[in-house]
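Only one structure is covered here, and it is reproduced in the block below.
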Amino acid sequence: MTGAEVKAMKTEEIAEELGRLRTRLFELRNKSVSEKIEDTSQFGKIRRDIARLLTEQTARAAG
């Protein structure tokens, strides 16, 4: 997900995507405890996407 994609999203879509990504991150963490994860770079990618969404959400609330 790029910054331009995030800016094009509606406020409701950002909130929905945040929930989906947070759930995905939680599932990955749980999976990492019980079994080996092949692509560990997913943790960083999901966290960066969450940060992008939160940044845009905060910018909209302030502006």
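The values are calculated or read from the model by the stated rules, or taken from the named source; none is laboratory data. Treat the numbers as computed from the prediction; the structure is a model and nothing was measured. Because the Cβ atoms are built from the backbone with ideal geometry, glycine has one as well, and the counts that use them run over all protein chains shown.
Observations
- Close contacts from the stretch 48-63, counting a first residue that is modelled with pLDDT of 95 or more and a second that is loosely packed, with under 13 Cβ neighbours inside 10 Å and aliphatic (A, V, I, L, M), with Cβ to Cβ under 7 Å and a gap of 6+ residues or different chains, come to none at all.
- Matching residues in the stretch 9-18 - criterion: being surrounded by 10 or more Cβ atoms within 10 Å (Cβ to Cβ) and outside any loop (DSSP other than H, G, I, E, B): Thr11, Glu13, Ile14, Ala15, Glu16, Glu17, Leu18
- Within the stretch 38-53, considering residues that are surrounded by 13 or more Cβ atoms within 10 Å (Cβ to Cβ) and not charged (D, E, K, R), the one nearest to Glu5 (Cα to Cα): Leu53
- Qualifying residue in the stretch 26-41 (condition: among the aliphatic types (A, V, I, L, M) and within 8 Å of the chain's Cα centre (by Cα)): no
- The stretch 31-47, residues that are more than 18 Å from Ala15 (Cβ to Cβ) and not in a loop (DSSP other than H, G, I, E, B): Lys31, Ser32, Val33, Ser34, Ser41, Gln42, Phe43, Gly44, Lys45
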